[in-house]
Structures are given as C-alpha cells and as structure tokens.
Amino acid sequence: MFHTEHMHDFFCANNITDPTSYNDLVSGSTSCKRTTDHSAYWMPQLKINGTVQKPTRAGLYYQCLRPFTANQCSNVKPFPKGFRMVTGEPVISVTCCGTAT
C-alpha cells in the first residue's frame, strides 16, 4: 500500500480554520447560492499532470429511498447544532491504469 497525502478544496463556508467551531461557521460568510448555507463542504483536490483543477461548481443532495417509507423520509431532520463527522482512512491506496496514484 502507498501512503497518499492529498489536499482538499473547501467551499461554502469561507472561514475554515483549524479548529472551526459551529459559531465560527454560522457567523462567517458563504460562497453557496443558498446564503443560509454555512456548511463546510470539502472534496479531495484534483490534479491533472500536477496542475490543480479548481472546481467551478458542485452539486450535493440527499435522497430518501427504499427501504425507508415516505413517512420516515418526511421525518428527516437536519444535523443538530455542533454536529461533527469525520470519515475516511489515513492511509489509502488507489490504483488507476496499473499505477498507484
């Protein structure tokens, strides 16, 4: 396995720091079309031949599907104030076209 570090592009919340609190997010500005969206979205930075490709837009949505019922879907609530989630693997191997990237 190869240890691959990578950068992230952040969007919407314009004041991401380490650390960032809930109050920091909601009191700062946003780049989202929905001006009430102060979420901190991020994605791995894409490079082509070593050149960073800056994303011009992104689409995010949640869809409630089976096995959930319509009643269950209508009861979906936003994450609570202060909710934090971290996912992923600190060490990951991705193979493309016979080479590790």
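Quick note: the coordinates plus some simple rules give every number you see, no bench work behind them. This structure is a prediction, so every number in the text was calculated from the model and none was measured. Ideal geometry is used to build each Cβ from the backbone, glycine not excepted, and the neighbour counts take in all protein chains shown.
Would you pick out the residues in the range 1-32 that are of a type in the set (D, E, K, R) and more than 22 Å from P80 (Cα to Cα)?
E5, D9
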I need the full set of residues from the range 52-74 which are more than 17 Å from the chain's Cα centre (by Cα), surrounded by 10 or more Cβ atoms within 10 Å (Cβ to Cβ) and part of a loop (DSSP other than H, G, I, E, B), in order please.
C64, F68, T69
Number of positions in the range 8-32 that are assigned to a loop (DSSP other than H, G, I, E, B) and in contact with a helix residue (DSSP H, G or I) (Cβ under 8 Å, 6 or more places away or on another chain)
2
List the pairs whose first member sits in the range 12-26 and is more than 15 Å from W42 (Cβ to Cβ), whose second member is of a type outside the set (S, T, Y), and whose Cβ atoms are under 7 Å apart, counting only residues at least 6 apart or on separate chains?
Y22/K81; Y22/G82; D24/N15; V26/H38
Here the residues within the range 33-51 that are assigned to a strand (DSSP E or B) and loosely packed, with under 11 Cβ neighbours inside 10 Å are I48, T51
